[in-house]
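Student: Pasting in a structure now, in structure tokens, and then I'll have a few things to ask.
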Ligand code: NAD
Ligand code: DAU
């Protein structure tokens, strides 16, 4: 396959690119990425010398950038998105441009090029808050944040292109993903890097909100399987089924780094904070997928990676990062000399 991987310089997209080139020697990969604050070309250093790999900087919402690349490949795998819920609460416009309009531009290009397959990477957040049970693919979408609403909007367009134009599209809905190369605004890399710097770990509300955490390799293996063996027109959940709340994330990080519990700091809750997500991934499991990395091992590997790759994350925690941090965590007391004050 000749794949166009959009958002391939981000956290999950770059893992997917590295995995594809490692495990599918016959494949070619072009990455189209705008390199927003969350995109990082260094995530692709491990594949830079590979003759089957090409990087193009550009915007999925720009038909002039997307059209020629779509004509030169067989399949688009769309990871590109604004991905952070807290940023969507502050400034939702770019989420709608990228996650909705950008998806439309990609779908139109895939249709015009006559691609035999399209894969939209979506999220369990489109199901909304799930008090009990586990979300299944046929459940209604009830997004509750501007981020999840924009992801659901992108999905609606995928569904429309399936129905109206017969586009052979697959949607995957992954759960909370963690692992190496994750921008340190998400809870796990934020807590790890804050703990390494002896800064407080800001826990929203009572710390009881639950997420279904999955290691990044397991998520990408699920996307790869859905792409190659999934049925066009179908949606697939990808979740490991391990529910963990914010307090447990903080306690695990502090234990693994041998840091004191006093670093836990309770801060104002996220507005509209979904209390629980949980996925039923039976459908993908029937295709032969199962998660390989349990959360204990995954957390250990992740913590070790951040300990050993300070040169990767430290430059990211500067400038705009702290400006957003200060606006978002109004109740956090900065530590003297932290640069956050
Ligand atoms: P990320 O924020 O780390 O990476 C997003 C990438 O998209 C970045 O490289 C960024 O530069 C690029 N991008 C943003 N806007 C773009 C645009 N207009 N044109 C081209 N490139 C653009 O995100 P991630 O955590 O790797 O998530 C990847 C995808 O997976 C997203 O679609 C997200 O909604 C979905 N997802 C994420 C998770 C998670 O827990 N992180 C879980 C399920 C699904
Ligand atoms: O579920 C999949 C989604 O997971 C993806 O679609 C999103 O792109 C990704 O950002 C993630 O969304 P969440 O909002 O669940 O992830 P986040 O890491 O921001 O928060 C995880 C939980 O931790 C959530 O209950 C809020 C809480 N939290 C988060 C941060 C950043 C804190 O308590 N403190 C924090 O500082």
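Student: Compute the acute angle (0 to 90°) between the alpha-carbon long axis of helix 216-229 and the principal axis of greatest extent of the alpha-carbon atoms of the chain; round to the nearest 10°.
Tutor: For helix 216-229, the angle is close to 10 degrees.
Student: Compute the projected area of the convex hull of the Cα atoms of the chain, averaged over all viewing directions, and report it in nm² to one decimal place.
Tutor: 15.9
Student: Moving on to the next point. Relative to the longest principal axis of the C-alpha atoms of the chain, give the angle of the C-alpha long axis of helix 295-308, reported between 0 and 90° and rounded to the nearest 10°.
Tutor: It is inclined by approximately 80 degrees.
Student: Additional query: Just how many % of Cα pairs in the range 57-97 lie over 12 Å apart, if you round to the nearest whole percent?
Tutor: Every Cα pair in the range 57-97 considered, those over 12 Å come to 67 percent.
Student: Here is a follow-up. Over the chain, with a Gaussian network built from C-alpha contacts below 10 Å, which listed residue (183, 329, 213) shows the highest mean-square fluctuation?
Tutor: Per the Cα network of the chain with a 10 Å cutoff, 329 tops the list.
Student: Next question, about the same structure. Antiparallel as a % of all DSSP beta bridges within the range 155-272, to the nearest 5?
Tutor: Around 25 percent antiparallel, to the nearest 5.
Student: Taking N as the number of residues in the range 17-82, what is its alpha-carbon radius of gyration divided by 2.2 N^0.38 Å?
Tutor: Relative to the rule-of-thumb radius for its length, the range 17-82 sits at 1.10.
Student: If you don't mind, there's one more thing I want to ask. Would you calculate a helix-derived [θ] at 222 nm for the chain, using -39,500 (n - 2.57) for each DSSP H run of n ≥ 4 and dividing by the full residue count, to the nearest 500?
Tutor: -11000 deg cm²/dmol
Student: Report, in degrees rounded to the nearest 10, the 0 to 90 angle that the Cα long axis of helix 246-257 makes with the longest principal axis of the chain.
Tutor: The helix 246-257 is inclined about 70 degrees to the chain.
Student: Using only alpha-carbon positions, what ratio does the radius of gyration of the range 232-338 give when scaled by 2.2 N^0.38 Å?
Tutor: 1.38
Student: Which length gain, in nm to one decimal place, applies between residue 322 and residue 97 when the Cα-Cα distance is subtracted from 0.36 nm times their residue separation?
Tutor: Full-extension gain reported as 78.5 nm.
Student: Continuing with the same structure: Work out, step by step, the length gained on full extension between residue 160 and residue 112: first 0.36 nm times the residue separation, then minus their alpha carbon distance; give nm to one decimal.
Tutor: Length gained, residue 160 through residue 112: 15.8 nm.
Student: I would also like to ask the following. Using the per-residue mean of other Cβ atoms lying within 10 Å as a proxy for protection, in what order, highest first, do the peptides 101-108, 45-52 fall?
Tutor: Per-residue Cβ counts within 10 Å, averaged per peptide and sorted highest first, yield 101-108, 45-52.
Student: What shape does the range 183-299 have by the C-alpha gyration tensor, where a ≥ b ≥ c are the square roots of the eigenvalues, rounded means a/c under 1.5, and otherwise prolate means a/b greater than b/c and oblate the rest?
Tutor: It comes out prolate by the Cα gyration axes.
Student: If r is the Cβ-Cβ distance from residue 22 to residue 258 and R0 is 30 Å, what FRET efficiency results, to the nearest 0.05?
Tutor: It comes to 0.35.
Student: While we're on this one: Given the Cα-Cα distance of residue 304 and residue 265 and 0.36 nm per residue of separation, how much length would full extension add, in nm?
Tutor: Extra length from residue 304 to residue 265 when fully extended: 11.7 nm.
Student: Quick one: of the DSSP bridges fully inside the chain, what percent are antiparallel, nearest 5?
Tutor: That works out to approximately 10 percent antiparallel.
Student: Out of 223, 96, 293, any idea which swings most in a Gaussian network model of the chain, alpha carbons joined below 10 Å?
Tutor: Its mean-square fluctuation being the largest, the pick is 293.
Student: Label residue 89 and residue 35 with points 7 Å out from Cα along Cα→Cβ: what is the distance between them in nm?
Tutor: About 3.2 nm, to one decimal.
Student: Same structure again: Once you have a ≥ b ≥ c as the square roots of the Cα gyration tensor eigenvalues for the range 119-249, tell me rounded if a/c is under 1.5, and otherwise prolate or oblate according to whether a/b is larger than b/c.
Tutor: Prolate, because a/c is 1.5 or more and a/b exceeds b/c.
Student: A further question on this structure: Compute a Gaussian network model of the chain, connecting alpha carbons closer than 10 Å, and tell me which residue from 170, 76, 97 fluctuates the most.
Tutor: Most flexible of the set in this elastic network: 97.
Read-outs: derived from the displayed coordinates by stated rules, not from any lab. What you see is a predicted model, and the numbers here were worked out from it, not measured in a lab. Ideal geometry is used to build each Cβ from the backbone, glycine not excepted, and the neighbour counts take in all protein chains shown.
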